[in-house]
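Down below is the structure, laid out as structure tokens.
The values are calculated or read from the model by the stated rules, or taken from the named source; none is laboratory data. Note that this is a predicted model, so its numbers are computed, not measured. In this analysis, Cβ positions are derived from the backbone assuming ideal geometry, glycine residues included, and neighbour counts consider all displayed protein chains. Please note that ligands, DNA and RNA were not included when accessible areas were found on the heavy atoms of the full protein model with its side chains. Shrake-Rupley method; radii C 1.70, N 1.55, O 1.52, S 1.80 Å.
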Amino acid sequence: MTTGRVRSIVIVGGGTAGWMTAAALARVLGPDYADIHLIESDAIGTVGVGEATIPQINVFNRMLGIDENDFVRRTKGSFKLGIEFVDWGGIGQRYFHPFGDYGIDMEGVSFHSYWMRMAKAGEFTDVNDFSLMARAAYDGKFMRPIDAGNSPLSRIAYAFHFDAGLYAAYLRELAETAGARRTEGRIVDIERDGDSGHIAAAKLESGERIEGELFIDCSGFRGLLIGETLGVPYIDWRNFLPCDRAVALPCERLDSLPPYTRSTAHKAGWQWRIPLQHRIGNGHVYCSEYMSDDEAAAILTDNLDGAPLGDPRVIRFTTGHRQRFWEGNCVSIGLSAGFMEPLESTSIWMIQTGIARLLSNFPDKSFAAADRDRYNRLMVEESEFIRDFLVLHYHATTRDDSAFWDYCRNMPIPERLAEKMRVFENSGRTFREHDELFNDTSWFAVMLGQQLPVRAYDPVADLLSFEETHKRLAHIRDAVRNSADYMPAHDAYIAENCAA
Ligand SMILES: Cc1cc2nc3c(=O)[nH]c(=O)nc-3n(C[C@H](O)[C@H](O)[C@H](O)COP(=O)(O)OP(=O)(O)OC[C@H]3O[C@@H](n4cnc5c(N)ncnc54)[C@H](O)[C@@H]3O)c2cc1C
């Protein structure tokens with residue numbers, strides 16, 4: 001027996017989180033199930049960044065029935081095959097974290113193990129030769145996967161870069177078409193039910209009062225409902241991820257669009273470069289304890305690929321998450337729920353997974369603790385796994401050129417990460433724990449790229465003889481090379497399919 005279906009859902013905030021939530025709930029539940037009402041304030045605006053994604057966004061797009069070419073065209077986007085990390089493991093060094101896998105596993109043994117055996121013998125030392133995404137990225141090539149049997153062309157994994165403002169507008173159109181309503185106005189007060197403490201209504205500056213049964217807090221960093229109203233504490237992770245500010249400054253576009261994000265480490269943080277059709281998105285993430293805003297802006301301005309468009313804009317943040325993502329009748333999604341810097345483009349994924357988990361644990365009017373507790377546990381776990389992966393980039397480095405990097409190299413790290421590093425250093429093996437977002441290939445790419453030393457290769461890689469392993473790796477490398485050669489230029493692909 002159910003105590004009653006939720007009939008009205010109020011979404012507070014119209015940034016990426018608010019409109020992704022509205023579009024998904026309207027599409028899945030539909031207006032006949034519940035009234036879906038989004039409130040946003042044009043005067044307050046949105047954070048206005050968030051332009052790089054990971055391949056999981058394709059699942060969300062499919063769920064919304066999005067025409068991908070239309071989506072890229074309308075958001076002035078480009079395609080992404082991975083992230084290039086420059087000066088992270090050490091100054092002058094670079095590596096690529098590709099989407100998809102390296103090579104293929106053979107005889108039940110991980111490809112990584114065979115590659116490590118060969119690399120230790122001085123053969124096939126460039127691991128990028130075994131990733132079509134890495135090779136194509138550096139060649140400036142892109143296409144979607146095709147049905148080509150065993151060819152790497154069947155397994156092309158990609159995501160997008162897009163203009164965050166245009167993305168929210170695009171989602172808004174989808175949400176409103178599917179029946180979601182929007183009210184513009186600043187919320188000045190939140191009314192709570194005297195008995196349950198649940199949120200009952202939002203009061204706007206105009207005097208309008210908007211009631212709801214389920215409230216989704218997408219109000220951004222301030223956490224208007226989850227934090228300011230319900231007082232759910234924020235777990236601060238600055239001890240692990242000390243960067244707490246970003247300065248953003250777009251610049252003129254590149255003549256040719258690279259199909260990848262670039263992350264360049266600086267002396268107290270790092271800089272992103274996200275190529276779009278009409279501009280490049282740039283930002284410098286830094287730690288205010290080790291660098292002033294002016295210095296951060298100067299470093300960014302000195303390292304742009306084109307003339308700046310506008311003035312640098314500083315954004316402050318605290319890495320971490322709400323102790324409980326869902327409290328009473330309020331679920332926080334997006335920046336109100338937590339934030340980890342955009343090093344691996346995971347924030348939009350956190351929104352997506354928050355929405356998916358809300359749908360699979362959707363409450364009735366009892367707002368049962370069982371649903372809430374499960375949701376909260378899963379979201380905290382998800383955050384912790386991502387945090388560990390990000391910490392790896394900072395901690396496993398040979399950089400010793402600044403007090404910031406000295407802190408990162410020596411800081412205490414979560415034990416689960418320490419164990420992963422010990423295992424890799426012992427045998428070059430990496431694992432995906434439970435349902436964590438980043439798989440063994442991602443861990444391998446970053447551990448290798450960050451120059452973690454490896455004592456010995458996985459003994460099971462001796463399963464194939466040296467000659468046989470050599471022959472098979474040469475074959476895979478050639479297949480990757482031929483596939484990259486076959487692919488069209490990223491620019492040509494956009495021009496033909498989705499030019500803005
Ligand atoms: C520096 C930086 C770089 C990032 N880069 C990436 C990236 O590359 N990839 C990625 O996946 N993510 C990235 N992110 C994260 C991404 O930007 C956010 O996850 C995403 O934009 C969601 O933001 P949001 O909708 O939660 O908040 P916001 O965009 O801040 O939206 C908040 C909404 O709440 C409304 N609001 C607030 N208060 C009120 C009120 N009183 N009354 C009415 N309305 C109100 C606002 O008007 C606005 O509509 C980045 C974030 C930062 C800070």
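Side notes on the structure shown:
- Rounded, prolate or oblate (a/c below 1.5 giving rounded, otherwise prolate when a/b exceeds b/c) for the range 66-106 by Cα gyration tensor: oblate
- For the range 1-135, share of DSSP beta bridges that run antiparallel, in % to the nearest 5: 55
- By a 1.4 Å probe calculation restricted to protein chains, His475 has an accessible surface near 130 Å², given to the nearest 10.
- If both residues of a DSSP beta bridge must be in the chain, then about 70% of such bridges are antiparallel.
- Accessible area per residue in Å² at 1.4 Å probe, computed on the chain: 39
- FRET efficiency estimate (nearest 0.05) - Cβ-Cβ, Ser256 to Leu463, R0 45 angstrom: 0.55
- Here is the P(r) of the range 151-305: all C-alpha pair distances, binned every 5 Å from 0, give 2, 7, 11, 12, 12, 13, 14, 13, 10, 5, 2, 1, 0 in whole percents.
- Among the chymotrypsin sites (Phe, Trp or Tyr not before Pro) in the range 385-486, those located in a DSSP loop and surrounded by at most 16 other Cβ atoms within 10 Å of their own Cβ are Phe431.
- Surface share of carbon and sulfur [accessible, 1.4 angstrom probe, percent] for the chain: 47
- Dipole magnitude of the chain about its Cα centre (Cβ charges: Lys, Arg +1; Asp, Glu -1), debye to nearest 20: 320
- Sites count as exposed loop sites when they are trypsin sites (Lys or Arg not before Pro), lie in a DSSP loop, and have at most 16 other Cβ atoms within 10 angstrom; the longest stretch of the chain without one is 8-185.
- The range 1-146 shape via C-alpha gyration tensor axes, a/c threshold 1.5: prolate
- FRET efficiency, 1/(1 + (r/R0)^6) with R0 22 Å, evaluated for Ile91 and Val423 via beta carbons: 0.20
- Each pair of Cα atoms in the chain enters the Kirkwood radius, and Stokes-Einstein at 10 °C and 1.306 mPa s then converts it into a translational diffusion coefficient of 67 µm²/s.
- A simple spin-label model places pseudo-atoms 7 Å from Cα toward Cβ; at Tyr138 and Ala356 they are separated by 3.1 nm.
- Over the range 1-54, relative contact order from alpha-carbon pairs under 8 Å, at least 6 apart, %: 45
- Distance in nm between pseudo-label sites at Arg222 and Arg416 (7 Å out along the Cβ direction from Cα): 3.3
- Rounded, prolate or oblate (a/c below 1.5 giving rounded, otherwise prolate when a/b exceeds b/c) for the range 336-476 by Cα gyration tensor: oblate
- The largest accessible area among Asp163, Asp139 belongs to the first residue in Asp139, Asp163, and the rest follow in falling order (1.4 Å probe, all chains).
- Remark: the Glu496-Asp67 segment gains 152.9 nm on full extension, using 0.36 nm per residue and subtracting the alpha carbon distance.
- Note: relative contact order over the chain, using C-alpha pairs below 8 Å and six or more positions apart, is 23 percent.
- Segment Asp302-Glu107, extension gain: residue separation times 0.36 nm, minus the distance between their alpha carbons: 65.2 nm
- Contour minus Cα-Cα distance for Val28 and Ala121 (0.36 nm per residue): 28.1 nm
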